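Here the structure comes first, spelled out in structure tokens, and everything after it is commentary.
The values are calculated or read from the model by the stated rules, or taken from the named source; none is laboratory data. Treat the numbers as computed from the prediction; the structure is a model and nothing was measured. Heads up, the Cβs are rebuilt from the backbone with ideal geometry, glycines too, and the neighbour counts pull from every protein chain shown.
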Ligand SMILES: NC(=O)c1ccc[n+]([C@@H]2O[C@H](COP(=O)([O-])OP(=O)(O)OC[C@H]3O[C@@H](n4cnc5c(N)ncnc54)[C@H](O)[C@@H]3O)[C@@H](O)[C@H]2O)c1
């Protein structure tokens with residue numbers, strides 16, 4: 001079975017491509033490399049001992065996309081391609097809506113043109129917004145997104161539902177990721193943020209390796225276990241396997257049409273201070289930090305109810321917090337400059 005993976009050279013995409021190859025899927029990656037490097041796929045090919053078809057292109061380029069659907073017999077699309085920096089999305093919202101929303105619409109149009117109906121979308125816990133109580137359950141209504149990035153995820157989920165309503169062949173799965181961290185256990189692929197990392201773990205790892213001076217912890221007076229924010233961190237390889245589980249689910253439910261949402265998380269909230277401590281233990285390094293004011297839009301704590309993914313996808317995030325830290329540290333140590341090293 002041939003799977004088109006948009007954004008497959010990126011952090012989650014590259015780990016998922018590896019899982020797909022290991023599960024005997026053939027993979028075509030379509031990526032414009034705006035936030036990634038082709039080196040990630042070279043390393044995935046080495047790890048899997050299999051080759052990947054790579055096409056450099058933008059999801060907004062319908063002509064090029066259409067050519068890919070003509071060239072390959074595609075069974076399903078896993079759609080990672082998006083811009084993902086929350087803070088940046090506040091500064092350049094139009095670019096986020098153009099890339100993430102318009103790009104997804106272009107992709108769906110080309111899929112429809114070529115009668116490809118299976119679609120797995122990278123959504124996010126951010127769609128639950130601040131109105132919902134934790135743990136988040138798939139049956140909850142969308143909350144108010146705290147950024148244009150979050151809004152772009154809500155909008156694409158809405159586009160999928162409306163499209164499914166109008167087209168009974170459409171088979172959509174929306175995977176709502178919580179906080180993916182870690183790296184493949186080989187230490188050869190991992191998260192390689194360009195410039196200053198937006199996410200906690202890459203930042204912590206760069207402080208540990210001496211690339212950054214100290215960590216800023218935004219707020220220590222939240223109503224949480226130790227005052228810092230709590231998130232549901234899951235290992236990126238568990239997340240990658242969640243995509244294989246979603247594909248298997250689509251394959252097993254041949255009569256399904258519509259859109260189904262699944263939370264992918266561990267079901268546990270971990271505080272920023274606990275992450276710092278766990279990373280110090282894994283790396284045997286001290287992480288200097290300062291406490292800064294709260295950031296606008298940060299929620300105190302959220303985590304997933306994962307029952308639906310556990311029961312229906314037969315999927316669970318199994319890797320421990322310690323493994324997430326050890327694998328992040330191995331990746332950082334082996335690749336201090338990411339894929340440039
Ligand atoms: N990393 C997280 O914490 C997280 C959490 C929830 C959801 N997500 C979503 O998961 C997906 C993957 O995230 P990631 O962390 O791997 O990000 P990433 O930036 O590493 O990967 C995204 C990939 O998409 C590519 N891309 C972006 N715009 C494109 C376009 N117009 N055409 C073709 N390729 C394009 C980039 O070059 C990159 O390779 C994104 O949709 C993101 O919003 C990520």
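What to note about this one:
- Condition check for residue 115: in a loop (DSSP other than H, G, I, E, B) and closer than 17 Å to residue 250 by Cβ: yes
- Within segment 52-68, residues that are closer than 21 Å to residue 40 by Cβ have Cβ atoms under 9 Å from residues that are more than 11 Å from the ligand (Cβ to nearest atom) and part of a loop (DSSP other than H, G, I, E, B) in these pairs: 53/72; 68/74, counting only partners at least 6 apart in sequence or on another chain.
- Residue in segment 220-229 that is over 21 Å from residue 294 (Cβ atoms) and more than 16 Å from the ligand (Cβ to nearest atom) present: no
- Whichever residue in segment 102-125 is farther than 15 Å from residue 172 by Cβ and within 16 Å of the chain's Cα centre (by Cα) and, among such residues, is nearest to the ligand (Cβ to nearest atom): 124
- A single entry from 95, 123, 104, 89 fulfils the requirement of being within 24 Å of residue 248 (Cα to Cα), part of a helix (DSSP H, G or I) and assigned by TED's automatic domain parsing to the domain that holds residue 247: 104.
- Inclusion of residue 65 among residues that are more than 8 Å from the ligand (Cβ to nearest atom) and closer than 18 Å to residue 240 by Cβ is not warranted.
- Considering residues of segment 16-30 that are within 16 Å of the ligand (Cβ to nearest atom) and closer than 11 Å to residue 48 by Cα only, the residue surrounded by the most Cβ atoms within 10 Å (Cβ to Cβ): 17
- Strands (runs of 3 or more DSSP E) fully within segment 188-287 counting 1 or more residues that are surrounded by fewer than 20 Cβ atoms within 10 Å (Cβ to Cβ): 215-218, 258-264
- Residue ID - nearest to the ligand (Cβ to nearest atom), chosen from residues in segment 126-139 that are more than 17 Å from residue 160 (Cβ to Cβ) and part of a loop (DSSP other than H, G, I, E, B): 129
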